[in-house]
Amino acid sequence: MPNIPRDGLEPVLRARKITKIFGRHRALDDVDFDIYGGEVHALLGENGAGKSTLIKILTGAYQPDEGEILLAGQPVSFRDPLQAQAKGIGTVYQEVNLLPNRSVAENLFLGHQPTRFGIVQRKAIEAKARDVLATYGLEIDVRAELGSYSVAVQQVVAIARAVELSGKVLVLDEPTASLDHNEVRKMFEVVERLKARGLAIVFITHFLDQVFEIADRVTVLRNGRKVGTENLADVTATDVVRMMLGKDIAFGHQPTRIGEAETGPARVEFTDLGKSGKVAPFSLTLHEGEVVGVAGLLGSGRTEMARLMFGVDAADSGRVRVGGKPVTISNPSQAVAAGFGFCPEDRKIDGIFGDLSVRENIIIALQAKLGWFKALNRDEQIEIAGRFAEALDIRAASHDMPVKLLSGGNQQKVILARWLAIDPGFLILDEPTRGIDVGAHAEIVRTINRLREDGLALLVISSELDEVVAYSNRVVVMRDREMVAELTGEDISPAVIVNAIAENKTRSAS
Amino acid sequence: MNRSLRPLAATATIFVLAYLAAVSQHPGMLSTRVLGNFLTDNAFLGIAAVGMTFVIISGGIDLSVGAVIGFTTVLIAVLIMWVGLHPLVAFAIALAVSALFGACMGAAIHYLKVPSFIVTLAGMFLARGGASVLSPDSIGIKHEFYSTISKSYLLMPGGGRLTVIGGIMIAVFLFGIVLAHRTRFGSYVYALGGNETSAALMGVPVARTTIQIYMLSSTLAGLAGIVFSLYTSAGYSLSALGVELDAIAAVVIGGTLLTGGYGFVAGTFVGVMLQGLVQTYIVFDGSLSSWWTKIVIGALLFMFILLQRLVFTASAPSRKVLWKT
């Protein structure tokens, strides 16, 4: 492993004190990042940590509000990704941004085809394409449609294009997310070759073991701030998980735990519920008045688990019993009929109808449950919305104002109110505190605790371990799309959870 | 075989089979005279269909084609007969006007983010309405130049006549083939039809290309209008009604995917010729209503859309890869 940082050697790319603000939200706050030639630098962080914002700034898709970018020591600013590309920073996105309907050769050189009297020199392009791909160990028919090849090949073509056109810095955004095991090996060989050629490679992934395998350094972001940059030779997987989930976890500070609270009879029982390729079969029983926390890294199968439970994705194995009676849940309306509620992770996309009013957002699930022929009249709507808005302390100037004008915390409570209005027995909350001002976190946690005391069964997915500990009677840990641990009692502590998450990673990395 | 070639191969096969079947019934159809008439009678459709091919490959549609042809015939007639311009000057003006018209539609599609269907539908009403405002009645064109052109032809072996307008169509097809397959502009057109977001990220000048595509389509529609004017020696606001739909049919039958990204200009030529063949057969037969043309074209179109669906969904990526390690 190269000794990095190397004294006297200028980084190829350096970002200094980058800040990016969206509205009132600081997506990136004073973040430094640098990368040297011949280095693979991994960028890690949970959803919302600021990874993609940083990448978009480095590749010209966004402009920073503060801070500067230095390319080989010279300050630069990029108007758009094309300009960044022309100056040497090429990007390969997770979903390959090439043209599946055109030939491999054309995809490599589109826009840069050599022409004579306006006529494209096809033979020359094809020969050059073969030469270029040969340097990646790939021998394919370059005249064939790109779409007729596997994603792995398409990704190598995308990398080759980025390197041909840019050639200094290569940003790989989750390049292995849709590859199988063998393809990942091939991808890493390609990365090693490029590293040997002196390219600076930024590697974004949420697979920790891959980071340890391929990268030299890692930078961890959390809530828009840089937690730190480490030589991977000097740290363990547990250290990195700790950085990702909150750096102060292991150091004495022990958040209050709810302890062995009494729980009621079983409310929902999931037995061997699973879907191949999404989540391995798991069994979980939730009792009345119980909160089960779900911990795990991004991509570990947490959200997939919730989607199975709510019928967003249909399970291909397993049984569900509600209050002791077997039920079938293969779509969300069956889940609602069974008394389930689901507040999804990205409320802007999956949960909130931004242009509708607070009142309409609250009553919509109840109305859907009643059926459209039993329309709630306006007075009933006002009464219901008012009751839940008060119960959850939703702060809006008026219940007729569009929900999109509310703060993140209040939007989250509107979704909660929506599900509480149908009087559910079981509520799933996926990252209820994501994207909410830190001050409002405590309030969401209080709300969860109150709902538990009211006798609800809750499943709460969260990366905020302090909070998981603060409201969970039990904690299940997800890893590699599998439920790997169930923690109770004294084991519900951030340190134990971090170890459970990282265990496997440590083993495979060592 | 490259899967995008399959619908084209199917069209070509069907054309050959249908032609042989027609010849076995009416041996007179096997002659360069009939071929010459094919080219002449379908020249305006073929020229418009070349432009339509580019539009459809890019993932759009141009419904204004027939109306632009109609408008052009009236504009030319007015310029020659009322204003007294020489036909060549009138042609140049007509081409310039249609090019500008297409550029405006392309700009509206790109900058206003309005679907091409809507923009060109509006363009269709504008051009058709504009033609009627210029002159609601048919205007006959009497000019020496017109009679010279209609009398000139190249004698083909077997006595067939390649007229000027038939020749123009062939030239336009050759131009279209080179433009689509051998220029950067052509590769941009396919890129837009494949995935506009990717194309933009790969540096394709999306705005410029979109405008150029609709400019090309309208200019060729204008040229088709000139050809139609030479063909009929008249300008009439209601001429070439529905030609845009015949052109779309020819393009799709010729193997171009209606959703964009795949297609061949040469295929469109076969598509046009297939329509001409059906028409000629009906003329030779004498007992069939000319509406049978539409019925046959409808059936063919349906069949080809099915065929494309099968070809493009059945063939999953499966190419062998050699990794060297």
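The values are calculated or read from the model by the stated rules, or taken from the named source; none is laboratory data. Remember, it's a predicted structure, so these values are computed and weren't measured experimentally. Neighbour counts run over all protein chains shown; Cβ positions are idealised from the backbone, glycine included. These area figures cover heavy atoms from the full protein model, side chains too; ligands, DNA and RNA do not enter into them. Shrake-Rupley method; radii C 1.70, N 1.55, O 1.52, S 1.80 Å.
What the table below lists for this structure:
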{"read-out": "Extended-chain gain in nm, criterion 0.36 nm per residue less alpha-carbon gap, residue B:307 and residue B:88", "value": "74.4 nm"}
{"read-out": "Summed buried accessible surface, chains B and A, 1.4 Å probe, nearest 100 Å²", "value": "3000 Å²"}
{"read-out": "Descending semi-axes in Å of the range B:170-261, equivalent ellipsoid built from Cα gyration tensor", "value": "29, 14, 13"}
{"read-out": "Average beta carbon contacts from partner chains per residue of A:104-114, 10 Å cutoff", "value": "3"}
{"read-out": "Nearest-20 debye value, the protein assembly as shown charge dipole, Cβ charges on Lys, Arg, Asp, Glu", "value": "2700 debye"}
{"read-out": "GNM top mover of B:179, B:45, B:112 - chain B, alpha-carbon springs below 10 Å", "value": "B:112"}
{"read-out": "Cβ neighbours within 10 Å from other chains - mean over B:200-210", "value": "4"}
{"read-out": "Cα gyration tensor shape of chain A, rounded if a/c is under 1.5, else prolate or oblate by comparing a/b with b/c", "value": "prolate"}
{"read-out": "Mean separation of Cα contacts under 8 Å, 6 or more apart, over the residue count of chain B: relative contact order %", "value": "35 percent"}
{"read-out": "Computed lengthening from residue A:404 to residue A:95, 0.36 nm per intervening residue step minus Cα-Cα distance", "value": "108.3 nm"}
{"read-out": "Longest exposed-site-free window of chain B, the sites being trypsin sites (Lys or Arg not before Pro) in a DSSP loop that have at most 16 other C-beta atoms within 10 Å", "value": "B:143-318"}
{"read-out": "Cα gyration tensor, the range B:104-166 - rounded (a/c under 1.5), prolate or oblate", "value": "oblate"}
{"read-out": "Accessible area per residue in Å² at 1.4 Å probe, computed on the range A:350-423", "value": "50 Å²"}
{"read-out": "Per residue value of the accessible surface for the range B:61-121 (all protein chains in place, 1.4 Å probe), Å²", "value": "40 Å²"}
{"read-out": "Environment charge at residue A:29 (Cβ cut-off 13 Å; Lys +1, Arg +1, Asp -1, Glu -1)", "value": "+3"}
{"read-out": "Residue pairs, from the table A:20/B:113; A:56/A:226; A:56/A:275; A:56/A:87; A:226/A:413; A:325/A:369, whose Cα atoms sit over 23 Å apart", "value": "A:20/B:113; A:56/A:275; A:226/A:413"}
{"read-out": "Inter-probe distance in nm under a simple model that places probes 7 Å from Cα toward Cβ, at residue B:152 and residue A:423", "value": "8.9 nm"}
{"read-out": "Virtual spin-label span in nm between residue A:72 and residue B:208, 7 Å along Cα→Cβ", "value": "2.6 nm"}
{"read-out": "Projected area, mean over directions - the range A:86-239, Cα convex hull, nm²", "value": "10.5 nm²"}
{"read-out": "Within 10 Å of each Cβ in B:179-191, the average number of Cβ atoms from other chains", "value": "4"}
{"read-out": "Accessible area of the protein assembly as shown belonging to carbon and sulfur atoms, whole % at 1.4 Å probe", "value": "57 percent"}
{"read-out": "Cα pair distances of the range B:3-313 binned at 10 Å [whole percent]", "value": "6, 27, 34, 24, 8, 1"}
{"read-out": "Relative contact order (percent, whole number), the range B:151-203, Cα cutoff 8 Å, 6+ residue spacing", "value": "15 percent"}
{"read-out": "Where labels lie 7 Å past Cα in the beta-carbon direction, separation of residue A:32 and residue A:225 in nm", "value": "1.6 nm"}
{"read-out": "Residues in the range B:35-66 reached by a label modelled at residue B:122 [backbone nitrogen below 15 Å; 7 Å Cα→Cβ]", "value": "B:63-64"}
{"read-out": "Cα-based Kirkwood hydrodynamic radius, the range A:350-423, one decimal, Å", "value": "11.9 Å"}
{"read-out": "Threshold 30 Å² - residues in the range A:48-94 whose accessible area is reduced by that much or more when the chain is no longer isolated, probe 1.4 Å", "value": "A:82"}
{"read-out": "Residue among B:300, B:277, B:310 with the largest mean-square fluctuation in a Gaussian network model of chain B, springs linking Cα atoms under 10 Å", "value": "B:310"}
{"read-out": "Gaussian network model of chain B, Cα within-10 Å springs - most flexible of B:99, B:21, B:127", "value": "B:21"}
{"read-out": "Rounded accessible area per residue of the range A:34-245, 1.4 Å, Å²", "value": "36 Å²"}
{"read-out": "For chain A, the longest site-free run once GluC sites (Glu not before Pro) in DSSP loop states with at most 15 other Cβ atoms within 10 Å are removed", "value": "A:263-510"}
{"read-out": "The range A:37-82 - Kirkwood radius from inverse mean 1/r over Cα pairs (Å)", "value": "11.9 Å"}
{"read-out": "Cα-centre dipole for the range A:324-421 with unit charges at Cβ (Lys and Arg positive, Asp and Glu negative), debye to 20", "value": "180 debye"}
{"read-out": "Chain A: relative contact order as a whole-number percent, Cα under 8 Å and 6+ apart", "value": "15 percent"}
{"read-out": "MRE, 222 nm, helices only [DSSP H, n ≥ 4, -39500 (n - 2.57), over chain A, to nearest 500]", "value": "-10500 deg cm²/dmol"}
